[in-house]
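The values are calculated or read from the model by the stated rules, or taken from the named source; none is laboratory data. Since the model is a prediction, treat every value here as computed from it, not as a measurement. Note that we place each Cβ from the backbone using ideal geometry, even for glycine, and neighbour counts take in every protein chain shown.
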């Protein structure tokens, strides 16, 4: 009887460990703070985590192919700068607004395409390529703005980052939409199966007839575009283009993906897991804030959670 119970417990932890940890975390904070389980606070959690969570979708695609993208935070900043710059051109808002959004998304797609090109065509390690792009985009942002934020934007722009539809924050709605689409792509399309195949064994995938370079190129473009979307949302929320925006976002994003169970070696992970990982981080920070825990202590706690998540991943593989 004990052996059977242990088997069921092991199976539950292997398959649903992160989900169980998330539920336990929610229950703990709901007991520690009377404000935690209020509607406003729950919506605030989804709003605060939405930007990181959207980027984490793109990072999941990249990591599933055994890659990495360290440039996401810098892309967030540079995209916000370009988007807000276009908004300030002397043109009717009806024309400048969509042009600014397209310009921002194009910047992200170009960044992803450059990363994919160097990884596939020149066979350079993704870590090095994206580290270089991180430095380039961050420096370009400071050069373009001379280190000063871009202000004086139309009030309508703030709707994307701070507006609400049926009492739900717009970034939250966009986050849900992105996750639904990404889930459908990874689970219901040939491209999704190819992503897992490339991450599982790139050479075997190539021999099976999969255009591995095309798959890798597309996942980096997806990651860059979603980083750009988050950059637009962040610029809209603060109603300015900040050259120092997105600092250390790459670490939070990778943490969400890894905590969610995606293997850094590729081939294994889910969008649902990434969502839970992102929400786990959001709930953790929100709960600690409600308990008046300092930011330095929060960093230590988050680091411990990441280590435990990696240990759980190693245990599952064992």
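For region 245-288, enumerate the residues that are in contact with a helix residue (DSSP H, G or I) (Cβ under 7 Å, 6 or more places away or on another chain) and not in a helix (DSSP H, G or I).
Scanning region 245-288 gives 245, 246, 247, 248, 260, 261, 262, 263, 264, 266, 267, 269.
Restricting the first residue to region 171-195 and requiring it to be over 20 Å from residue 42 (Cα atoms), which pairs with a second residue that is surrounded by fewer than 18 Cβ atoms within 10 Å (Cβ to Cβ) and modelled with pLDDT of 95 or more meet a Cβ separation below 6 Å and a spacing of at least six or different chains?
Taking only residues 6 or more apart or on different chains, the pairs are 192/185.
Which condition from (1) surrounded by fewer than 22 Cβ atoms within 10 Å (Cβ to Cβ); (2) part of a helix (DSSP H, G or I); (3) modelled with pLDDT of 90 or more is the one that residue 228 breaks?
(1)
Taking residue 221, is it touching a residue at least 24 places away in the same chain (Cβ under 8 Å) and either in a helix (DSSP H, G or I) or in contact with a helix residue (DSSP H, G or I) (Cβ under 8 Å, 6 or more places away or on another chain) (or both)?
Considered against the rule, which asks whether it is touching a residue at least 24 places away in the same chain (Cβ under 8 Å) and either in a helix (DSSP H, G or I) or in contact with a helix residue (DSSP H, G or I) (Cβ under 8 Å, 6 or more places away or on another chain) (or both), residue 221 comes out as yes.
Would you call residue 28 at pLDDT below 95, surrounded by 16 or more Cβ atoms within 10 Å (Cβ to Cβ) and part of a helix (DSSP H, G or I)?
Against the criterion (at pLDDT below 95, surrounded by 16 or more Cβ atoms within 10 Å (Cβ to Cβ) and part of a helix (DSSP H, G or I)), residue 28 does not qualify.
Residue 147: surrounded by fewer than 17 Cβ atoms within 10 Å (Cβ to Cβ) and either at positive phi or not in a helix (DSSP H, G or I) (or both), yes or no?
The answer is yes for residue 147.
Any residue at all in region 231-239 that is on the phi > 0 side of the Ramachandran plot, in contact with a helix residue (DSSP H, G or I) (Cβ under 6 Å, 6 or more places away or on another chain) and not in a helix (DSSP H, G or I)?
Checked region 231-239: at least one residue is on the phi > 0 side of the Ramachandran plot, in contact with a helix residue (DSSP H, G or I) (Cβ under 6 Å, 6 or more places away or on another chain) and not in a helix (DSSP H, G or I).
Checking residue 153 against (1) surrounded by 15 or more Cβ atoms within 10 Å (Cβ to Cβ); (2) over 24 Å from residue 62 (Cα atoms); (3) without any contact (Cβ under 8 Å) to a residue 60 or more places away in the chain, which single condition isn't satisfied?
(3)
Taking region 121-151 as the search range and keeping residues that are in contact with a helix residue (DSSP H, G or I) (Cβ under 9 Å, 6 or more places away or on another chain) and closer than 27 Å to residue 95 by Cβ, which one is modelled with the lowest pLDDT?
Looking at the filtered set, the residue picked out is 151.
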